[in-house]
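Notes follow the structure.
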Amino acid sequence: MKNERFMTMVDELLKEVVDTLDRKSMEYSTPDERFMTMVDELLKEVVDTLDRKSMEYSTPDERFHNFDLVAGLLGCNREQAIYMLSTKHIVSIRDAVMQCVPLTMDEVREKVTDTIAYMLLLYAAMYEARKG
């Protein structure tokens, strides 16, 4: 139940992002189709990642099961746990940007899609906490 609600919320959020990007690209006389294609591919990959990982990290009734356990272990709330876990990807991207650690484009893609997935999870957790 909660997983279905979560995926519906993610789908709606991703549609908003794509619609916004589509509108933005229409504002220019020469839209960057390559950019839009890349964004579309990444967003589809994010949804696939969320789907695949949900089988590992959640229960049928609770999308945030593992995050709640991590929160309990760390003495923080669900949102803080998700944020803290996301920082490992953000630090990896930072290191690549600062050229401390060379990453292949496949590795960059993985870090970026994982970070987007974590941000969607964080959004959903915050939404659920505030809107119920």
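Every read-out reported here was derived from the displayed coordinates using simple, explicitly stated rules and does not represent laboratory data. Since we're looking at a predicted model, the values are computed, not measured. Virtual Cβ from ideal backbone geometry, glycine too; neighbours counted across all protein chains shown.
If I model a spin label at R34 and L74 as a point 7 Å from the Cα along the Cα→Cβ vector, what separation in nanometres do I get?
Modelled inter-label distance: 3.8 nm.
Gain in length, M105 to M9, computed as 0.36 nm per residue apart minus the alpha-carbon separation, to one decimal in nm?
My answer for the length gained is 31.6 nm.
Could you work out how far helix 2-26 tilts from the main Cα principal axis of the chain, as a 0 to 90 degree angle to the nearest 10?
20
Give the relative contact order (percent, whole number) for the range 2-131; include only Cα pairs under 8 Å separated by 6+ residues.
27
Near the amide H of R63, under 5 Å away, which other amide H atoms are found, from residues 5 or more places off or on another chain, if H is placed in the peptide plane?
Distant-sequence amide H within range of R63: N3.
With 10 angstrom as the radius, rank V39, V101, V46 by how many other C-beta atoms surround their C-beta, starting from the fewest.
Neighbour counts put them in this order, fewest first: V101, V39, V46.
According to the Kirkwood expression over distinct Cα-Cα pairs, how big is the hydrodynamic radius of the chain, in Å?
16.2
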